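Before any comments, here is the structure.
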Amino acid sequence: GYWDPFGMMAFQDEEKFRRNRELELKHGRICMAASIGMFFPDLFGRFSGYLAPSSGLKFSDVPSTIDAIYKVPVEGWLQIFA
């Protein structure tokens with residue numbers, strides 16, 4: 001068997017449980033890397049130069065918090081997610 005103290009997998013098989021556990025580890029690791037990416041610039045400094053030269057936006061102008069979403073131009077987000 002497998003350990004499921006909350007009974008969340010009561011109607012699933014062990015293979016589904018193993019898959020969910022694997023996905024949980026993967027997502028946890030991504031979250032840890034994102035946390036490092038949030039603190040690293042404040043502790044060790046940011047890149048010099050421009051993030052968006054056409055709009056005059058420097059790397060140092062972008063905050064490390066969630067406010068960075070609003071500071072980065074839409075075109076920059078489209079490049080990331082395209």
Quiz item: Looking only at the range 10-40, which residues are of a type outside the set (A, V, I, L, M), assigned to a helix (DSSP H, G or I) and modelled with pLDDT under 85?
Solution: Glu14, Phe17, Gly37
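Table: residues versus (1) over 19 Å from the mean Cα position of the chain (by Cα); (2) at negative phi.
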site	(1), (2)
Pro41	no, yes
Tyr50	yes, yes
Gly56	yes, no
Pro63	no, yes
Val74	no, yes
Trp77	no, yes
Quiz item: Taking the stated definitions as given, is Gly45 touching a strand residue (DSSP E or B) at 6+ places or on another chain (Cβ under 8 Å), under 19 Å from Ala68 (Cβ atoms) and open to solvent by less than 70 Å² (accessible area, probe 1.4 Å)?
Solution: no
Self-check item: Those residues of the range 5-41 which are farther than 30 Å from Lys58 by Cα and of a type in the set (Lys, Arg), in sequence order
Solution: Lys16, Arg18, Arg19, Arg21, Lys26
Self-check item: Matching residues in the range 41-82 - criterion: being part of a helix (DSSP H, G or I), touching a residue at least 12 places away in the same chain (Cβ under 8 Å) and not polar (S, T, N, Q)
Solution: Pro41, Asp42, Phe59, Lys71, Glu75, Gly76
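The values are calculated or read from the model by the stated rules, or taken from the named source; none is laboratory data. Just so we're clear, the structure is a prediction, and the values are computed from it rather than from any experiment. Positions of Cβ are generated from backbone atoms using ideal geometry, with glycine treated the same way; all protein chains shown enter the neighbour counts. Just the protein is used for accessible areas: all its heavy atoms, side chains included, with ligands, DNA and RNA removed. Shrake-Rupley method; radii C 1.70, N 1.55, O 1.52, S 1.80 Å.
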